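See below for the structure under consideration.
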Amino acid sequence: MSQILNFKSEYKGLTSEEAEKRLSMYGCNEDSGADSGSYSLKKAMLCPRFFVWIISVALLFLAKQYVMGAVMLLLTVMLTVGDVIWQMKLYEKETTLKKLGGMKFRAVRNGELTLVRKEFLVPDDIIVLQGGERVPADAHLLESEDLTVNEAVFTGDPTPVTKKIGADSSRTLPKSTCIYKNTIIMTGSLVARVFATGEDAAVKREETRTASRFENKIKLPVSVILIMGLLETAVAALLCFLRAEELKTLTDVLVKIALPAISVGMCFIPSQADKLVRLFYLNGAGRLNRRHALVKNIAAMEELSAITCVLVEKSGTITKNHMEVADIFTDERKLFNNVCVLGCDHAPTVPAEKAILLYSTFSGTDIKALFENEREASYAFSESNKMAGNLWRINGQRLLCIKGSPEEILALCTVDPNELHYIQQKRQAFAKQGHQVLAAAFTVLPEGQEAPEKLSEARYEYIGLIALENTTRDTVPYAVKSCVKSGVRVIMLTGDGKETAAAIGKQIGLQSTKTVLGSELDFAPDIEDVGIFAKVTPEQRIKVVNLLKSKGEIVAVVGTETDDTAILEESNVGISVNSTASPSAAESCDMLMSDDNLLAIAEAVKESRQIHRNLKSALALLLAAHFALALFAAAVMAAGGTAVFSPVF
């Protein structure tokens, strides 16, 4: 293991037998939940339907109708057992959904690195985590490399904090030498020893089975029907009493008053309505799973059918996330290519840097020779400064090369006003074609001068613009039309500027290309006709979701990055993509797609709405049948007839 992951020590971990003992001692590594959704005979016996059946059995025996009483008792036992079995099967389906959506983590067992489900991790397990993963249990750090952790669950501040190896004598949480359950690893990798799981963890997250919106909605009509049943039973008993000729014995009272009244009341009990909702949604989730869309809970099924808008990130969902250089604007092409290359990482992971290196290679730039120079410092891209760069030592000179947002970089350059106007015109022309535009600049630092802490602390010489094309997917326009037909508004989120975002919006056929910048959110209360949010940070994305929800929208969000974890949890339906999702995004979402195509999401919405329509039809039929029976029985008795039904029939 140490050779594979480049860690210093060898780790044997727990044996399988030791892990099983600790699992039985400490229990599963699960957060607290009020109602797991499980069912039992006790729960079945506490429902109103069971009480009515038992009262009917008692009345039949007291009325000396022993055969009918025995039949009713047998039916009560059979229906109650059947109810328990049905509920247990529904619970088993829910558990299966939970397992399908569960996460596995790398742990050392029996001296080997293996995948262990989150709930089966135990104290003293050696776990291995890396950037993008949510911490599964409280653990003490043994080794780490470039580790930063988002501990917003403690402080509310999403700014990543660094961790260290060793001891921390502080009594306050979080400690700098530990990682805690439900925090998120932002960068780096680590080895840690688990010391607390489940209820013993410092931070707990509720994982209860939440009732769907429709389950809550049917509670009112069901309650109304039950109240009507009680009133109808009382009225039926009064009518029977007024018409009864001789009530000399208890048997006469039971046969002529109690049993007919109970029979009418039983027609008002809408049995299995709540179970029908769960059954339809669970079966629907199974159908979507077979279509490569893993729905993790039944509440998400109902929310998916009710969504009114879907927020999608431009990169990866609307576009192919594969960039190419469309054009450049510079007076010194060779110098421009060199500066752009030196502003990139030698092993790029960002599509823009990959495109720049590929273009420079085909333009004749020897990128291998450039990267053989000594790199003194590296500056990663951040949402605050919108630029990145590297400090190199080349032929005895210290050259700081940067690339990034033209607005940010031009503000750090000394440019003639006339030239600046021409540059801005060219930038707008590129943006209106839907291209992402980057500016490049450089400066020579004097020998002995310390490297700047931030790129914004230096002055630069502007060298040119580069236009990057991120081709949209062919199926996106059709998917947008499909969503619009279903009454779902597609809203695009992007880090690009207004012109670029509006151009992409027109290409894919958004209903509205009205664009609001992230910096304008506090001053844009009317967002009902907004189709694009441009230059938005992760924090501003959450603000967008909350603004839409405050307007009564049911919001679905598509996210795959570690920074998307918060917005996925904040939305009504969080959607991620299996092939590109970070572990924390995959764990936080409600639905995990196998395809990052927007069309697949549109099809999932369409399928869930059909399931919802079928459920409404089934419930309407069930409730209408009960209501019709009750009205028929009441009408016959009101007309002077005898009871149409008995408790058995």
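Using the Cα gyration tensor of region 456-518, with a ≥ b ≥ c the square roots of its eigenvalues, what is the shape: rounded (a/c below 1.5), prolate (a/b larger than b/c) or oblate (neither)? It is prolate, given that a/c is not under 1.5 and a/b is the larger ratio. In the complete set of protein chains, residue-level accessible area for L517 is approximately 40 Å², probe 1.4 angstrom. A simple spin-label model places pseudo-atoms 7 Å from Cα toward Cβ; at F627 and L220 they are separated by 1.4 nm.
Once all protein chains are placed together, C401 keeps about 0 Å² accessible to a 1.4 angstrom probe. Under a 5 Å amide H cut-off, with hydrogens placed 1.01 Å from N, D496 pairs with K535 among residues at least 5 apart or on other chains. The order of E143, E372, E469 by accessible area, most exposed first and with a 1.4 Å probe, is E372, E469, E143.
Per-residue Karplus couplings for region 450-463, computed as 6.51 cos²θ - 1.76 cosθ + 1.60 with θ equal to phi - 60°, are listed in order as 5, 5, x, 5, 10, 5, 6, 8, 10, 9, 10, 10, 5, 10 Hz, Gly and Pro entered as x.
Once the C-beta distance of L231 and S617 is scaled by a Förster radius of 35 Å, the resulting FRET efficiency is 0.80 to the nearest 0.05. Measuring only protein heavy atoms, the 1.4 Å probe finds V67 accessible over about 110 Å².
Of the GluC sites (Glu not before Pro) found in region 517-573, those that fall in a DSSP loop while having at most 16 other beta-carbon atoms within 10 Å are E528. How would region 316-392 be classified by its alpha-carbon gyration tensor: rounded, prolate or oblate, with rounded meaning a/c under 1.5 and the a/b versus b/c comparison settling the rest? Verdict is oblate for region 316-392. If you take the square roots of the eigenvalues of the alpha-carbon gyration tensor of region 271-415 and sort them as a ≥ b ≥ c, do you get rounded (a/c under 1.5), prolate (a/b over b/c) or oblate? Verdict is prolate for region 271-415.
For S382, the residues 5 or more places off, or on other chains, whose built amide H falls under 5 Å of its own are M387. The 3J(HN,Hα) values that the Karplus relation (6.51, -1.76, 1.60; θ = phi - 60°) gives for region 476-489 are, in residue order, 5, x, 5, 5, 4, 4, 4, 5, 5, 4, 7, x, 10, 8 Hz. Gly and Pro appear as x.
Taking all protein chains together and a 1.4 Å probe, the residues L60, L23, L592 rank L23, L592, L60 from largest to smallest accessible area. Distant-in-sequence amide contacts of L14, defined by a placed amide H-H separation under 5 Å and a gap of 5 or more residues or a different chain, comprise N110, I126. Computed from phi, the 3J(HN,Hα) profile of region 165-180 under the Karplus parametrisation 6.51, -1.76, 1.60 (θ = phi - 60°) reads 9, x, 10, 10, 7, 5, 9, 8, 9, x, 7, 6, 9, 10, 10, 10 Hz, with x in place of Gly and Pro. For region 534-629, the orientation-averaged shadow of the C-alpha convex hull comes to 8.0 nm² (one quarter of the hull surface). When F362, F381 are compared by accessible surface with a 1.4 Å probe, the order from highest to lowest is F362, F381.
Placing R0 at 41 angstrom, the Cβ-Cβ distance between E528 and K320 gives a FRET efficiency of 0.85 after rounding to 0.05.
Accessible surface for region 337-418, divided over its residues, is 48 Å² per residue with a 1.4 Å probe.
The values are calculated or read from the model by the stated rules, or taken from the named source; none is laboratory data. Just so it is clear, the structure is predicted and the values come from calculations on it, not from any experiment. No Cβ is skipped: glycine too gets one built from the backbone with ideal geometry, and neighbour counts run over all protein chains shown. Note: areas computed on protein heavy atoms with side chains; ligands, DNA, RNA excluded. Shrake-Rupley method; radii C 1.70, N 1.55, O 1.52, S 1.80 Å.
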